[in-house]
């Protein structure tokens, strides 16, 4: 007896749950959608900032079939990484660094991809069709696909929201050339709520359902390679890698639950790491501390830049000794952030350090660099 596509859909969703995923759904990969046009507008407005890869891969990114013309269906899965506490609580601990919840455990790519490859094998066996696996490392728009697959809807903050998982879950996708009966798309349940928009420290949402990455703390602390623009430094607070504010504010998180898989548990030392200890990390120590963590991808200099900003926002004299060596760091990016932090934390010491370094005979261009950084 021939297996129906609805039976295949049911079998694959069950297989996904058996592998440890928390939700799964099927979407058409070859249908016409508006997500590509929205992405094109996002890039045209320059809201992708310095993420040049979004522009260079735009054509392939606009639709699954633009990347793989044979794609017919998408099996989209979700893996819960919910925290066991309110992540906004850490923002009040000014002498510690706040790392985004998703980056406190193991690198999700290392957790999801092996499971997804196993699942893809079952898709291939059951459908006798070609498959391709994606965990946000290729130009595939996973959030619109997940919404079509019924896993959730893109909220006003542009992230996916689930009635079962809230905001805290990763996505993975298996594209296949097989035609599988799709699930019903999820509808929008945001209503008139503005919690995610109003909590944003840097006003990164020009309008509901629109994001300007150039103002987003997650972009600034992770993707942006240069100095943090001065207008956003104070608003960063102690956020040193990513930002969870818009996710944490969502009322749908009342249905969220803590992650059940140990790989998704936060490492204790990353729940609220001491800024003084982080400031002392050289490149080798940074790589060791963040081995197997998503944080490692930012690199030491970019990360310590963020740590300096957090120290400058701390108001803590205890952190001053850990900041001073960074004024002479080998990285100009770190030095500039350290100068700003010193000027904010201790203006008198800033003036003293500047005079000690340059004095009355200083090269005006060098002194100007210090003044700009401050």
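Note on the stretch 64-84: residues that are out of contact with any strand residue (DSSP E or B) (no Cβ under 8 Å at 6 or more places or on another chain) and either buried (at least 22 other Cβ atoms within 10 Å of the Cβ) or touching a residue at least 60 places away in the same chain (Cβ under 8 Å) (or both) amount to 4. In the stretch 144-163, which residues are at pLDDT 95 or above and assigned to a loop (DSSP other than H, G, I, E, B)? Residues satisfying the conditions are 149, 150, 151, 152, 155, 156, 157, 158, 159. Of the residues making up the stretch 216-242, those that are in a loop (DSSP other than H, G, I, E, B) and surrounded by fewer than 18 Cβ atoms within 10 Å (Cβ to Cβ) are 225, 226, 227, 229. Only one of the listed residues (258, 330) is free of Cβ contacts under 8 Å to residues at least 12 places away in the same chain, out of contact with any helix residue (DSSP H, G or I) (no Cβ under 8 Å at 6 or more places or on another chain) and surrounded by fewer than 16 Cβ atoms within 10 Å (Cβ to Cβ). That residue is 330.
Taking the condition assigned by TED's automatic domain parsing to the domain that holds residue 148, in a helix (DSSP H, G or I), out of contact with any strand residue (DSSP E or B) (no Cβ under 8 Å at 6 or more places or on another chain) and in contact (Cβ under 8 Å) with a residue 12 or more places away in the chain, does residue 59 pass? Spelling it out, it is not the case that residue 59 is assigned by TED's automatic domain parsing to the domain that holds residue 148, in a helix (DSSP H, G or I), out of contact with any strand residue (DSSP E or B) (no Cβ under 8 Å at 6 or more places or on another chain) and in contact (Cβ under 8 Å) with a residue 12 or more places away in the chain. Where residues in the stretch 261-282 are buried (at least 18 other Cβ atoms within 10 Å of the Cβ) and at pLDDT below 85, which of them is nearest to residue 304 (Cα to Cα)? Ranking the qualifying residues of the stretch 261-282, first place goes to 266.
When residue 90 is tested against the conditions (1) farther than 25 Å from residue 137 by Cα; (2) modelled with pLDDT under 95; (3) out of contact with any strand residue (DSSP E or B) (no Cβ under 6 Å at 6 or more places or on another chain), the lone failure is (3). The set of residues in the stretch 264-279 being in a helix (DSSP H, G or I) and under 18 Å from the mean Cα position of the chain (by Cα) consists of 264, 270. On the stretch given as the stretch 280-303, residues that are under 26 Å from residue 92 (Cβ atoms) and under 18 Å from the mean Cα position of the chain (by Cα) total 7. For the stretch 290-303, residues that are more than 9 Å from residue 241 (Cβ to Cβ), assigned to a helix (DSSP H, G or I) and at pLDDT below 95 total 2.
The values are calculated or read from the model by the stated rules, or taken from the named source; none is laboratory data. From a predicted model like this one, the values you see are computed outputs, not experimental measurements. Every residue, glycine as well, gets a Cβ built from its backbone with ideal geometry; the counts of neighbours run over all protein chains shown.
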